[in-house]
Amino acid sequence: METTWAAGKMAPFRQGVQAGATIAIGYMPIALAFGLLAKTTGLTFAETVLMSIVVFAGASQYIALSLLSAGTGVFEIVLTTFVLNIRHFLMSASLNEKAGPDALWKKALYAFGITDETFSVAAMKEGTINASYMFGLIAMAYGSWVVNSGIGYAAGAGLPESLQESMSIALYAMFIGLLVPALKKQRKIVWLAGLSALFNSIGTFAFHLSKGWSIVLATLLSAIIVQWLMKEGGNDDE
Amino acid sequence: MNSAIVWMIIGMGIVTYLPRLLPFLLLGGVELPSFWQGVLKNVPYAVLGALIIPDVFFIQDDLSFGVIGFAAAVITAWLGANVMIVVLAAVAALSLYSLFV
């Protein structure tokens, strides 16, 4: 484990900060728009920033706002949030396999910062991940999310509309930038990503599953099917 | 602050943190069967596939927005650009496109 880190030129925390810069940029338009929407929904500045500090989950926070303005009760909003975030269970379980030996309290601390984006960046990193790396990565993502939520509220405006529209591609482009190099290396990864993209499309359009369930089921199905087929074929790369 | 909203935020915080935390607590010292270790190693690639498709195509009402952004990102990533360049290229492509529509 130590040699992995000794081999890198940068300290893990700085490595994490650098990897997190892309997420920080990608979160900016979404967090600004969240702050603005929270204001029009009638939340106070303190409530808006508190939600970003405590929850730190973009899609859930947006849905909470739209449910609030539809007059939905608190319990139902919390339940919806839970369903939407079950997918993080899968992500944490996967990251746990890749995590180096850190104290449990440190893992519990960085677990708070696991989002679709921080997970994807950490999971695609070569070798193991340790707490310092995760803290650097999450500091950037979390900082951007919280600060830009506040700015969006205070400024009462998002980015100029055309820039806001163009930047809505940012996080998807980041996911693509993380996935494509892996796709080029291994046929297995093409199957994993392709099947789960297909299953998620079927879940979304044919079964009208909620985003939370659709992603969880598509991911699990694809990960299990590919693993099973590889085992049957007898060419497991373990 | 409105106390109902604060309770809602606390509740949302708890149900968001638990799924993020529990696997580290439950699987901490556990050696899973190799099949399930393999499945968990597959998860990141499968997650990325599902996070990208189909949502990327629906970022704006105008479907060509998502298609152009997707194509720009895939091409630059395929050519070996790092993630930050891929993001900037996709945003630039869409900025350029929105100048013409």
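So what's the angle, to the nearest 10 degrees on a 0 to 90 scale, between helix B:34-52 and the longest Cα principal axis of chain B?
Taking the Cα atoms of chain B, the angle to B:34-52 is about 40 degrees.
How far apart, in nanometres, would the label points at residue A:185 and residue A:207 be if each is projected 7 angstrom from Cα along the Cα-to-Cβ direction?
A separation of 3.1 nm, rounded to one decimal place.
Would you calculate, for chain A, the mean residue ellipticity at 222 nm contributed by helices, counting each DSSP H stretch of 4 or more residues as -39,500 (n - 2.57) and dividing by all residues, to the nearest 500?
Roughly -26000 deg cm²/dmol at 222 nm, from the helical runs in chain A.
How high is the FRET efficiency from residue B:75 to residue A:18, r the C-beta distance, R0 30 Å, rounded to 0.05? Display every interim value, and only then the final one.
Details: r = 24 Å, r/R0 = 0.80.
My answer for the efficiency is 0.80.
In the Gaussian network model of chain B, springs joining C-alpha atoms below 10 Å, which of B:11, B:28, B:38 carries the largest mean-square fluctuation?
Of the options given, B:11 has the highest mean-square fluctuation.
Which whole-angstrom value gives the distance between the alpha carbon centres of segment B:19-91 and segment A:192-232?
Each part's Cα centre sits 13 Å from the other's.
Rank-order A:86-96, A:196-206 by packing density, defined as the average count of other C-beta atoms within 10 Å over each peptide's residues, highest first.
Numbers: A:86-96: 22.6, A:196-206: 19.6.
Top to bottom by mean Cβ count within 10 Å: A:86-96, A:196-206.
What angle, in degrees between 0 and 90 and rounded to the nearest 10, separates the Cα long axis of helix A:58-69 from the longest principal axis of the Cα atoms of chain A?
30
So, in nm, how far is label residue A:162 from label residue B:99 when the simple model puts each one 7 Å beyond its Cα toward the Cβ?
Here the answer is 0.8 nm between the modelled labels.
Counting only other chains, and only Cβ atoms inside 10 Å, what mean value do you get across the residues of A:48-58?
4
For chain A, find the longest principal axis of its Cα atoms and tell me its angle to the long axis of helix A:12-41, 0 to 90°, nearest 10.
30
Determine, from the Cβ-Cβ distance of residue A:229 and residue A:109 and an R0 of 41 Å, the FRET efficiency 1/(1 + (r/R0)^6), rounded to the nearest 0.05. Each step should come with its number before you reach the end.
Values: r = 38 Å, r/R0 = 0.92.
About 0.65, to the nearest 0.05.
Read the figures in this text as sums done on the coordinates, not as results from a lab. Please read all numbers here as calculations on a predicted model, not as lab measurements. When we count neighbours, we look across all protein chains shown, and the Cβ atoms used for this are built from the backbone with ideal geometry, even at glycine.
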